[in-house]
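Since the structure comes first, as structure tokens, the remarks are kept for the end.
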Amino acid sequence: FDLHVLQNCMDMSAYNSLEKFYNIVFDQCFSPAGKHLATCDNLGQLAVFSLSSALSVSPTSEKRPSKLLRTGHPGPAYCLKNAGPLLVSGGAEDIRVWRWEQLLSSSKDTQPQIILKPPVGRFGAPETNGLAYDDQSNDLFTGGGDNNIYAWDIETGKLKASYSGHKDYIHCVCLRSGSCQFISGAEDGTVRIWDPASSKNPVHVIKPQDSGQWIGCVAVDSSGEWLVCGGSAAPSVYHLGSLTKTASLSVPKGVVTQSVIFAKERVNATSLELLHVPPVYSSP
């Protein structure tokens, strides 16, 4: 059900209790100095936490967010990306660019610097699920519900290019270190490698899993030579130079991978165990 609709149908005290119970954090991002943590959730809220107070030994009221923006997005906010002095949030209808300086100030009226509007399709505005920022070109790459990836000038908000090829909605986007390439993963079960300098079509397509399985997360190591991807099946590691699969990581049956990251010579992954509920049949 939609909590925003429910808000208009019940008293505020009951709604606030329900809101806290059903709050879901979709993504998080550290500030440039690493002293604060930003989060986004299903209610469109952006919260910025002071890590020094949150990690203090003595619990105090200062553990609460140093800034809570209840008007971050009109609908759910799904992803965050640090872009130097800027924080980017992707939501159900648009992408918003905030200045860290303003987010960390004492002002209660913080507004986005720019609002990016992906092209509206026949089903309305697409949600944005994945963000990647190239600090060399100052380009922001976004992917989401209309199966396309968009490149934006993050300072002006100008839409520079669009990239098509996925057959279903996009879950994630990341950059390939040491190159101008970016990589996307989608519900169609493919990982696609793009090179904006040469083509608007993918230069390589990887299909790690069997048909019907989706890709929910991708990451590339600091050398730009190794890729890990995961989703509805076990995470797989690829050597990008040869496009060969080198390993499948072992995860329990029924577990989906939510995110992956390279940490030195290790791969860290977070996962969700699916709960299978048998169908209930009613007698005729």
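Where a ≥ b ≥ c are the square roots of the eigenvalues of the C-alpha gyration tensor, would you call segment 104-147 rounded, which needs a/c under 1.5, or, failing that, prolate if a/b is larger than b/c, or oblate? Oblate, because a/c is 1.5 or more while a/b does not exceed b/c. Net length available on complete extension from residue 244 to residue 52 is 64.8 nm, with 0.36 nm assigned per residue and the Cα-Cα distance removed. Here segment 204-245 has 48 percent of its accessible surface on carbon and sulfur atoms, given a 1.4 Å probe and all protein chains in place. The count of lysine pairs in segment 145-272 with alpha-carbon distances below 18 Å, taking only pairs 8 or more places apart or on different chains, stands at 5. Length gained on full extension, residue 70 to residue 195, computed as 0.36 nm times the residue gap minus the Cα-Cα distance: 41.2 nm. Counted by Cβ distance under 11 Å from residue 170, the other residues give a net charge of -3, where Lys and Arg count +1 and Asp and Glu count -1. Starting from the Cα gyration tensor of segment 146-247, take the square roots of the eigenvalues, sort them a ≥ b ≥ c, and report rounded, prolate or oblate (rounded when a/c is under 1.5, otherwise prolate if a/b is larger than b/c, else oblate). Oblate, since a/c reaches 1.5 and b/c is not below a/b. Counting only protein heavy atoms and a probe of 1.4 Å, the accessible surface of segment 74-115 is 47% carbon and sulfur.
The values are calculated or read from the model by the stated rules, or taken from the named source; none is laboratory data. A quick note: this is a predicted structure, and the numbers were derived from the prediction, not measured. Every residue, glycine as well, gets a Cβ built from its backbone with ideal geometry; the counts of neighbours run over all protein chains shown. In case anyone asks, the SASA skips ligands and DNA or RNA and just uses the protein heavy atoms, side chains included. Shrake-Rupley method; radii C 1.70, N 1.55, O 1.52, S 1.80 Å.
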